[in-house]
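First up is the structure itself, then whatever we jot down about it.
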Amino acid sequence: MSPLHFAGRSLSRQPARALLGVIGVAVVGALLFDMLMLSRGLIVSFRDLLESTGFDVRVTATEALPGMGPAVAEAAATTEELSRLPELAMVVPVRFGAATVAARGGRTHEVAIIGSQTRRRGEWRLLEGADLADGAAGGRPDMVVNRTLAREQGLASGSIVRLASTLPGREFRVSGIVEFPFEATGEWMAGVTLRGFTHAFPTARRDEADLLLVASRPEAGPDAAVVAIRRARPDLHAFSIDEVLERLRHAEFSYFRQVSFVLATIASFFTLLLVTTLLTVSVNQRLGEVAALRALGFSRRRITLDLLAESALLVGGGGIAAVPLGLLLARGLDSILRQMPDLPSRLHFFVLEPRDLALHLAFLVLAALIAAAYPAILAARLPIAATLRRESIS
Amino acid sequence: MSAKAAIVEARGVGKVYPMPAGPVEALRDVSLTVEAGDYVAISGPSGCGKSTLLHLLGCVDTPTAGSLLFEGRPVRAMGEEERSRIRLRRIGFVFQRFYLLPMLTAWENVELVQSEAGMPAAERRARTRELLEYVGLGQRVGHLPSQLSGGEMQRVAIARALANRPGLVLADEPTGELDDETGEQIGDLFDRVNADGTTLVIVTHNLALAARARRRLAMRSGRLAASPAMARP
């Protein structure tokens, strides 16, 4: 009978206790699994968002986040200059603005407007209608709107949007309905061409860009593109996606990493405590039996293996159940956290990666080993004769 | 002088347990030779050192004085692992409290020690069936210990003790948990085991069981009260 089989039979002696142990490990393991997903979830999700645009380098005038600091001056010339760098495949200037439109009840509602060129890559995803055209038929430039804006304003392709923030109100023709990568839940958002942006914000400075989106040539890669931009224009700030994420990791997202680390440590401690307690109680209840097995010739190694196998079954059973439980819990927690204002609706806090499963597995193995250590030492070092004598007297 | 081979030989053996209140001398200057085919009963009052002697003879413990040879080899020179191997393959134990594993059937309890000794599966199956029939439990092989009576549990324990064809079977108060009638049946079984060639050493308070042995030894205060030679029938 293998140690694993023997351990299974041993656990079956106290099925309720074994089941409670497995459930306990599953619950704590689910929390640990969630913390593993949380520790990198935002970074992974944010990388997906950044990569979905099809641009792998961002250029700004200062180190401030795009739209939060001064704009890049002489945007057209800068775009032209950077486009000539052999490491770069494409440079797209982007402007950010906020306008208002008339909403129900005589109120106005803010609309975030992105000004860019006609879509080149993944600046947005077209859901209905047509993409932006550069013209301005009837004096109304094209506008793409997100689903929230379309729904709230009853817009469809061909509808007219009149901005209430300018006098007289500027009008746009809706060419299509799109999804922007960074749109927040409930946010009203629209995209126009740079010409359309000037139409929407006539007083805004011309020839500026809040952000330059850059796509590196595949043979060069983003790092080489960043180096080339820094060499050509040391006055600008270029960041690859990795650099953006690194900055977020150490600043804006570090809170979640710290929370996940603390909770993961607590979860690990409770898992170890639970399994060690269960096994120690179990060993103490059958000291006579262990001593008898040793007297019958079972080696210390075998006794240790039996306890390790018991620990592995408890931790393994609970650990396996922890994965679906953790995924379910993560879904609920994710939906709660994503209600925080101004977060991109496609951003997730909990993201499952193969690495999380590998770490979870490694933790289970380690937990099973550590949890079994004390009861295994207790059982293996049991003084056989003294224990049999004590059991006999008791 | 006997021409038979000595299985276990104690010469001037002593055992002292270190205790917080001071050392306790459990055995003093005990000399005893158990030869192949012997049927030995050791009796004496509680605390006289019977079980300690049994544990020394069974390589469960080592003496603090004197020399103890198991099949000619000094036990004190053996490591823990080697003594485990000897207990598994050369010695069978029968305990007062049976110590059958409650989650295993009678069959599995008997098979377990053979499995631990590395006996091939087919041989294990044949040996287990043979032993359970030998102890009269051929029809109860699939029963858990909780489904067996005390006498039946002790029969399974005896089958387990014989599983690896040991040279020596040691029994510590094997009828201590049984009524007189069941104790008699267990005594009959021990007689048969010995008659079939297995060496037996039984520690017991049960005078009727002790009377079945061919050598009866008495212990008092850690010493054998009668010399082994005098105790021979």
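The values are calculated or read from the model by the stated rules, or taken from the named source; none is laboratory data. Please read these numbers as outputs of a predicted model, since none were measured by experiment. Cβ placement follows ideal geometry from the backbone for every residue including glycine, while neighbour counts extend to all protein chains displayed. Heavy atoms of the whole protein, side chains included, go into the accessibility calculation; ligands, DNA and RNA do not. Shrake-Rupley method; radii C 1.70, N 1.55, O 1.52, S 1.80 Å.
Some points to look at:
- Being assigned by TED's automatic domain parsing to the domain that holds A:L19, under 16 Å from A:F33 (Cβ atoms) and without any contact (Cβ under 8 Å) to a residue 24 or more places away in the chain is not true of A:G326.
A quick yes/no check of all residues on (1) touching a Leu at 6+ places or on another chain (Cβ under 7 Å); (2) open to solvent by less than 50 Å² (accessible area, probe 1.4 Å); (3) within 11 Å of another protein chain (Cβ to nearest Cβ):
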{"position": "B:A106", "(1), (2), (3)": "yes, yes, no"}
{"position": "B:V110", "(1), (2), (3)": "yes, yes, no"}
{"position": "B:A126", "(1), (2), (3)": "no, no, no"}
{"position": "B:Q139", "(1), (2), (3)": "no, no, no"}
{"position": "B:L144", "(1), (2), (3)": "no, no, yes"}
{"position": "B:S149", "(1), (2), (3)": "no, no, no"}
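- Number of residues in the stretch B:138-152 that are part of a loop (DSSP other than H, G, I, E, B) and touching a Pro at 6+ places or on another chain (Cβ under 8 Å): the value is 1.
- Candidates A:G297, A:G288: the one that is within 14 Å of chain B (Cβ to nearest Cβ), surrounded by 14 or more Cβ atoms within 10 Å (Cβ to Cβ) and not in a helix (DSSP H, G or I) is A:G297.
- Residue-level analysis places B:S46 outside the set of residues that are within 13 Å of chain A (Cβ to nearest Cβ) and open to solvent by less than 50 Å² (accessible area, probe 1.4 Å).
- So A:A18, is it more than 23 Å from the chain's Cα centre (by Cα) and either within 30 Å of A:S335 (Cβ to Cβ) or not assigned by TED's automatic domain parsing to the domain that holds A:F180 (or both): yes
- Test result for B:R87, within 14 Å of B:L162 (Cα to Cα) and facing chain A (nearest Cβ under 9 Å): yes
- B:E133 being at the interface with chain A (Cβ under 10 Å from one of its Cβ atoms) and either among the charged types (D, E, K, R) or open to solvent by 30 Å² or more (accessible area, probe 1.4 Å) (or both): no
- Members of the stretch A:324-362 that are of a type in the set (D, E, K, R) and either open to solvent by less than 80 Å² (accessible area, probe 1.4 Å) or part of a loop (DSSP other than H, G, I, E, B) (or both): A:D334, A:R338, A:D342, A:R346, A:E353, A:D356
- Of all residues in the stretch B:90-101, those satisfying the criterion of being more than 7 Å from every other protein chain (Cβ to nearest Cβ) and either small (G, A, S) or on the phi > 0 side of the Ramachandran plot (or both) are B:G92, B:F98.
- Scanning the stretch A:151-176 for residues being open to solvent by less than 70 Å² (accessible area, probe 1.4 Å), among the charged types (D, E, K, R) and under 18 Å from A:G106 (Cβ atoms) gives a total of 1.
- Residue within the stretch B:49-60 that is modelled with pLDDT under 90 and not hydroxyl-bearing (S, T, Y) present: yes
- Selection from the stretch B:173-188 of residues that are touching a Phe, Trp or Tyr at 6+ places or on another chain (Cβ under 9 Å) and farther than 15 Å from B:L207 by Cβ: B:E177
- Scanning the stretch B:49-84 for residues that are within 23 Å of B:N164 (Cα to Cα), without any contact (Cβ under 8 Å) to a residue 60 or more places away in the chain and surrounded by fewer than 18 Cβ atoms within 10 Å (Cβ to Cβ) returns B:R73, B:P74, B:M78, B:G79, B:E80, B:E81, B:E82.
- One residue from A:I384, A:I370, A:I303 being hydrophobic (A, V, I, L, M, F, W, C) and open to solvent by 70 Å² or more (accessible area, probe 1.4 Å): A:I370
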